[in-house]
Structures are given as C-alpha cells and as structure tokens.
Amino acid sequence: MRRRLFALLVFTLGLSPICSGSLVFAKEDTVTDRPTYQIDATYMEKQEIVKGHMSVTLPELRSTPQKEVYFRLYPNAFQKWKYNKEAKPTKEGHITISHLKVDGVKQNITINDTVMKVVLPKPLPKGKSAKIELDYQLYLPHGGTRLNKYKNTVFLAQWYPMLAVKDKEGWHTEPYTTTGDPFYSQMSDFDVTFHVPKGYQIISTAKDLHKQKQIVHLQQYNVRDFVAVLTKDYQVLSSKSGKTKVNLWYTKSMEDVSKPLLHAAVDGMQFYSSRFGEYPYQEVDVVLGETGFGIAGMEYPGLVTSLPKVPTTEGIAPAVNVVVHELAHQWWYGVVGNNQAKEPWLDEGLTTFSEYLYMQKQMKQDDEPWLKRVAIKSEEIHKSAGITSVQRLYDYPDEIYGIMVYLRPAAMMFALMDEIGEEKVMKILNTYYHQYQFKIATTSDFFRVANQVAEKDLTPFFQKWLYFKG
Ligand SMILES: [Zn+2]
C-alpha cells in the first residue's frame, strides 16, 4: 500500500515531495504445494451482492496431519466498524457462508469476525488433498477500504474466503487493522468465472478480455491472491514492457493523466525488471481511482490501484510515485512474499526504496538529503516511543507507521549503497528475488542473502538501521 498520509508527513516535516498478470504457468500433473480455488461468482447489481460458489483443493504438502483449516473472511471487517472513524464505510458490508462440505460431506463451521474455522472430518495426512466447497454471499460496503462499490465500479479485494497460511509458527489468523496491510497469503491457482450485468467489463489478476461480456472465465496460476474490478466506467490505454502487457485503466475525469501514468508504468516495469529480475507474468493492470481513506494506492498480484494525482512541492501532479510504488510491490509482496502483518517493513521498505530509486534515476528527483532527515527523525521517535522498524503492524500508532516501516528502511538501502556500492545492492536484491521467487521470505532471509552477496557481515549495519542498536 502507498499511504496518502505520507504527503502530509512530508509537508509537516517541511521536506521535498515523496512519496493480470498472467504467465500461464503450466499446471503440473502431480499436485503441488499450491491450493486451487475455483470460484463461480455472480454480481447482482441492484442488491449490491456478489453470490459465489467456491471450491478449494488443499495442497498435499504438509509436515504433520492436518486437523483443521482456517479461512479469512476479510469483508466482515466492514460490519460493526471498530477501527478509525475516518475510514468507516458509509454502508456496511459483510460475508455469509453456507453449505460447506469437505469431500462432499457437510461440516460445521465456526466464524469469529474475520476468521472461519473448519474442522476436517478426519486428520488429513501428508500427501493427501481434500476439497472444501461452500456457497457465499458478499454484501458490498460503500466507502470500504479496498473492498468498495463506487458508482458503476466494484473493487473486489479480499472478496472470497481466503485460506489462511499455516507455516512453521502455526496458523496465521492475525486480526484486521486499518494501519497497513494485514494480509498474508500463499501462492495459489485460480479458476474464476464471473457473471456480470450487461455493460460491465472485468479487470483482474488474470489476463483480461478487454471487452464487455456477461460471462467471463479467467485463470491465473501461481499468485497470492485474486483481485477484480467490475466496471462500466473505465477505459484503457495499453502498451508493452518487454513481454508484459501494461494496461492503464481510467475514467473520463482522469484522462489528462492517462498518458504520463501509462508511460511511468511501462518505464517502472522495465526499470525494476532490469534491476531486480524479470516480471514473470504476461500482464499488469494499473487502475486509477479511490480505494479507501488514507490509501494512495494498493498492490495485488497483476493489478495495482493508484490515485490519479498527488500534491507535490510544484503543485498537483500525475501520481507517478504512487504508480511506481505499487508496481514495485509486484516484486516485493507479489513474487517474493512475506507476512505483511508480522514484518511489514520487508515489503514496504524494499518497495519504498525501489520507488525512490526510480524517482531518482528516471525522474531526476533527489530525495537523499530528505531521507537523511527522515533517519534523524526516526531515531527521535525510537528514543521516545521505543519502537523499531521491525515490529508487527499492530505495534505502530498510525502516525509513525510510515516513517518507521517505509521511510527508514528506504533510507537504510540508500546508506547501504554508500557503504558497499550500488552494484552490490542491486545484486543483493536480484539474488533475494531469485532465491525467494514464489516463496515466503523473512527478515533473516534478507540479511543472509545480503551478507552472502556482499561477502561481508552486514549484521551490525542492519542492527543499527532497523533495530536502533549500537
Ligand atoms: Zn506499499
């Protein structure tokens, strides 16, 4: 996510401005470690409901027999709103589940807010799969953060029951919060059919049709999530970055920024591909528009959202920095995953660094002096609040989240370039990208790769910058 509040932070500090896809991966014959989702969804425009039938085939890989499965029901965050009141939806939304079956046998479920627990009829051993089927009804909020119906457009983010992740630490069912992105998901395969009213087109994580059709079948393998925008109002400009088709979607009122932002998107994709490693999917969509209070943009696999314009010291300008921030997340979050609730700095810090590097190299905007001031300011915050840059999302008050999690790690990466050279830093990121492609990385994985590539123990450097030690 790119935070709209950044601009405020910047100006209060008196500083310079900042801040589907679809590689059709071969579906292996042998079942993999990825779940497969099949979703058949109907958008009922008048009722503002998405009615879905979903089946998930659980992956076979597990170390011990599995007794239960957890799903995330994020739309339930939009009922009985308990977060900051500025982000409160103007109309509440939620999701209901019915007819849940495991391998054809009806099972009881327990739902607690955004978490659903399904106890399996018998423990599932290693090497065996199970199919969970269910019906759901999604009641769309108005003014919801990310999940939102706005005029003739529906932003469908976290819009289906999403499998929670079970890793070495056990099941992750971290609560929803409006500070940052409280999401953690594993690579999955998707087969999604949409039924939409006449006149709608669908923009999604998968490779899209680019025409209006009432029944649309989409497939995308090897992605962490599946997002879709159903719209009557958007038009598109397209271009190519290497083998990847880049689409910029905008409404009539945003037409003036469509060309510069398409250019930024294409250039950004090329810039990151050449430095970090090739983007592995066939398409990426940039959808302009509002998707929630405090959010300037948001990342999903193969699709990002961005405000059309942002305030800068030279006045209102096309939101190049937001677009390239969100696109950098295709590398840091999309392809290399991490637990965004537990270690938000890992994707946001590297993404903010990528954004600033782009702005410096391609837009000739020099933010390094400003980032140096950010480093001093974050030290003051650490001294008074005792908080570091490597903590859980829930530990940060909203007003210091951006500086500690986005900006200080970005400043650290520029300092690392001063210390070991730009070429080595790019090699670290490139190696990290290739080693953790389609996997989940942690802070210590990043340190290990950095030390190996730099052929130097950078631990004291990272300790100082991220943990304020020494
Ligand atoms: Zn971000």
Original post:
Does Pro369 count as at pLDDT below 95 and either more than 19 Å from the chain's Cα centre (by Cα) or within 11 Å of the ligand (Cβ to nearest atom) (or both)?
Top reply: yes
Original post:
In this structure, is Val229 surrounded by 14 or more Cβ atoms within 10 Å (Cβ to Cβ) and under 21 Å from His325 (Cβ atoms)?
Top reply: yes
**OP:** Test Ala328 against the stated conditions and say whether it is over 20 Å from Val165 (Cβ atoms), in contact with a strand residue (DSSP E or B) (Cβ under 6 Å, 6 or more places away or on another chain) and within 14 Å of the ligand (Cβ to nearest atom).
**Re:** no
Original post:
Would a scan of the range 205-221 turn up a residue that is hydrophobic (A, V, I, L, M, F, W, C), modelled with pLDDT of 95 or more, assigned to a strand (DSSP E or B) and crowded, with 20+ Cβ neighbours inside 10 Å?
Top reply: yes
Original post:
How about the range 305-341: which of its residues are at pLDDT 95 or above, farther than 27 Å from Gln220 by Cα and not hydrophobic (A, V, I, L, M, F, W, C)?
Top reply: Pro308, Lys309, Pro318, Asn321
Original post:
Scanning the range 441-460 for residues that are crowded, with 16+ Cβ neighbours inside 10 Å and β-branched (Val, Ile, Thr), which turns out farthest from the chain's Cα centre (by Cα)?
Top reply: Val453
Original post:
What residue, of Leu138, Leu100, is of a type in the set (A, V, I, L, M, F, W, C), away from the ligand (no atom under 16 Å from the Cβ) and surrounded by fewer than 22 Cβ atoms within 10 Å (Cβ to Cβ)?
Top reply: Leu100
Subject >> Residues of the range 270-305 that turn out to be away from the ligand (no atom under 16 Å from the Cβ), within 28 Å of Glu422 (Cα to Cα) and of a type in the set (A, V, I, L, M, F, W, C), as a count >> reply: 1
Original post:
Here is a list of conditions, (1) in contact with a Leu (Cβ under 9 Å, 6 or more places away or on another chain); (2) surrounded by fewer than 16 Cβ atoms within 10 Å (Cβ to Cβ); (3) not in a loop (DSSP other than H, G, I, E, B), and Pro123 meets all of them except one; can you say which number that is?
Top reply: (1)
**OP:** Examine the range 179-197 for a residue that is surrounded by fewer than 18 Cβ atoms within 10 Å (Cβ to Cβ) and at pLDDT below 95, and state whether such a residue exists.
**Re:** no
**OP:** Could you check how many residues of the range 90-113 are touching a His at 6+ places or on another chain (Cβ under 6 Å) and closer than 17 Å to Gln158 by Cα?
**Re:** 0
Subject >> Single condition Phe155 does not satisfy, out of (1) assigned to a loop (DSSP other than H, G, I, E, B); (2) under 19 Å from the mean Cα position of the chain (by Cα) >> reply: (1)
Original post:
Given the structure, is Tyr37 at pLDDT 95 or above, surrounded by 16 or more Cβ atoms within 10 Å (Cβ to Cβ) and either under 21 Å from the mean Cα position of the chain (by Cα) or assigned to a loop (DSSP other than H, G, I, E, B) (or both)?
Top reply: yes
Subject >> Failed condition for Thr251, given (1) touching an Asp or Glu at 6+ places or on another chain (Cβ under 8 Å); (2) surrounded by fewer than 21 Cβ atoms within 10 Å (Cβ to Cβ); (3) within 14 Å of Gln330 (Cβ to Cβ) >> reply: (3)
Subject >> Conditions (1) of a type outside the set (Ser, Thr, Tyr); (2) within 13 Å of the ligand (Cβ to nearest atom); (3) surrounded by fewer than 24 Cβ atoms within 10 Å (Cβ to Cβ); number of the one not met by Lys361 >> reply: (2)
Original post:
Tally time: how many residues in the range 391-414 are closer than 23 Å to Asp367 by Cβ and touching a helix residue (DSSP H, G or I) at 6+ places or on another chain (Cβ under 7 Å)?
Top reply: 15
**OP:** Determine which member of the set Val287, Val229, Val323 is among the aliphatic types (A, V, I, L, M) and outside any strand (DSSP E or B).
**Re:** Val323
Subject >> Condition check for Thr305: buried (at least 20 other Cβ atoms within 10 Å of the Cβ), closer than 21 Å to Ala450 by Cα and assigned by TED's automatic domain parsing to the domain that holds Ser258 >> reply: no
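The values are calculated or read from the model by the stated rules, or taken from the named source; none is laboratory data. For clarity, every value in this text was computed on a predicted model and none was experimentally measured. Methodologically, a virtual Cβ is constructed for each residue, glycine included, from the backbone with ideal geometry; neighbour enumeration extends over all protein chains shown.
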